[in-house]
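Structure record follows, encoded as structure tokens.
The values are calculated or read from the model by the stated rules, or taken from the named source; none is laboratory data. Quick caveat, the model's predicted, so the values are computed rather than measured. Please note: Cβ atoms are built from the backbone with ideal geometry, for glycine as well, and neighbour counts cover all protein chains shown. For the accessible areas, the whole protein counts, side chains as well, though only heavy atoms, and no ligand, DNA or RNA atoms are used. Shrake-Rupley method; radii C 1.70, N 1.55, O 1.52, S 1.80 Å.
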Amino acid sequence: MKNILIFGDSLTAGYGLPAAHAYPSIIQERLRQEGYTDYKVLNGGLSGDTTAGGVHRVDRWLNEPVAIFILALGANDGLRGIPARETTQNLQEIINKVRHKNPEAKIILSGMEIPDIVPGRYAAEFRKLFRELAIENNIHFIPFLLEGVAGNRHLNLPDGVHPNAEGQKLLAQHTWGKLKNCYKSRKARRFLLAFLLSVYKYSGCLSTRG
């Protein structure tokens, strides 16, 4: 069984909802429907968590092998106005820890945004840091996890911040698109390896007959 760890905050934990309605659970069901029965989704969401908190708690989640790691932290950093450079450093440290323990793991980074009404350049700097991290680390990237959900009262709980069950479905949809790319690249790599091995064996047989 291969583990997919979705490591995030209340958005991942499914704040205010039954666990079955959180997007990691929705993705697990989608995997089953698509025939990926050898993958298990682990919900590493913790309500209120920041990237600094994630640095300290990720180690225990990495005690088990991880095939795909989805990093979905940062929203609370933005809400608290934590400097973008500090958020960047924390996310990079988490990525480094994942790669140290699971060198072959595929990593997906979920981008976060805050409203442009925030004074100064902070909103733009915050939005940009996720894309830059994804490029620098050559990892898969979801531009904005809450795309189509943020600000839509029909897709959020009464607090206007946390997605409701329908909103969680959109978070799952955004994440699923990148997960499919991971599966395709893994399948392509296995196919290429199998092809090269078959060529090697075939050429070896030819050489013994010569």
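Building the convex hull from the alpha-carbon atoms of the stretch 30-127 and averaging its projection over directions returns 7.3 nm².
Note on the chain: dipole from Cβ charges, positive end direction compared against THR50, ILE82, ILE27; the farthest Cα belongs to ILE27. Principal-axis analysis of the Cα atoms of the chain puts helix 165-209 at an angle of about 20° to the longest axis. The mean sequence separation of alpha-carbon pairs under 8 Å and at least six residues apart, normalised by the residue count of the chain, gives a relative contact order of 20 percent.
With a 1.4 Å probe and every protein chain left in place, work out the accessible area per residue of the stretch 65-157 in Å², rounded to a whole number. Don't jump to the answer; show the numbers that get you there.
Values: 4770 Å² over 93 residues.
Ligands and nucleic acids excluded, the result is 51 Å² per residue.
Shown in residue order for the stretch 120-136 are the 3J(HN,Hα) couplings computed by the Karplus curve 6.51 cos²θ - 1.76 cosθ + 1.60 at θ = phi - 60°: x, 9, 4, 4, 5, 5, 5, 4, 5, 4, 5, 5, 5, 4, 4, 5, 5 Hz (x for Gly and Pro).
Close amide H contacts of TYR39 (hydrogens built in the peptide plane, cut-off under 5 Å, sequence separation of 5 or more or a different chain): LYS2.
Not counting the cut sites, what is the longest span of the chain without GluC sites (Glu not before Pro) that DSSP labels loop and that have at most 14 other Cβ atoms within 10 Å? Walk me through the numbers on the way to the answer.
Values: sites that count: GLU104, GLU147.
That would be 1-103.
Sum -39500 (n - 2.57) across every DSSP H segment of at least 4 residues in the chain, then divide by the residue count to get the 222 nm mean residue ellipticity, nearest 500. If you can, show how the numbers build up before the last one.
Values: 7 runs with 112 residues, N = 210.
The helix-only estimate for the chain comes to -17500 deg cm²/dmol at 222 nm.
Taking the stretch 111-131 and a reference point 7 angstrom along Cα→Cβ of GLN89, the backbone N atoms nearer than 20 Å belong to 122-123, 125-131.
For the chain, a crude dipole built from +1 on the beta carbon of Lys and Arg and -1 on the beta carbon of Asp and Glu, taken about the Cα centre, is about 1100 debye to the nearest 20. Have a look at ILE135, ILE94, ILE27 and tell me which one the Gaussian network model of the chain (Cα, springs below 10 Å) gives the largest fluctuation. Between ILE135, ILE94, ILE27, it is ILE135 that shows the largest mean-square fluctuation. Return the whole-Å distance between the Cα centroid of the stretch 110-168 and the Cα centroid of the stretch 1-45. Each part's Cα centre sits 19 Å from the other's. In the chain, the longest principal axis of the Cα atoms and the axis of helix 23-34 are about 30 degrees apart.
Of the chymotrypsin sites (Phe, Trp or Tyr not before Pro) found in the stretch 115-169, those in coil by DSSP whose Cβ has at most 15 other Cβ atoms within 10 Å are PHE144.
Once backbone amide H atoms are built at 1.01 Å from N, ILE142 has LEU109, SER110, GLY111 as its partners under 5 Å, excluding neighbours fewer than 5 places away on the same chain. For the chain, the longest principal axis of the C-alpha atoms and the axis of helix 84-101 are separated by about 30°.
In the chain, carbon and sulfur make up what percent of the accessible area (probe 1.4 Å)? Intermediate values should be presented prior to the final figure.
Details: 6390 of 11400 Å².
Of the solvent-accessible surface of the chain, carbon and sulfur hold 56 percent.
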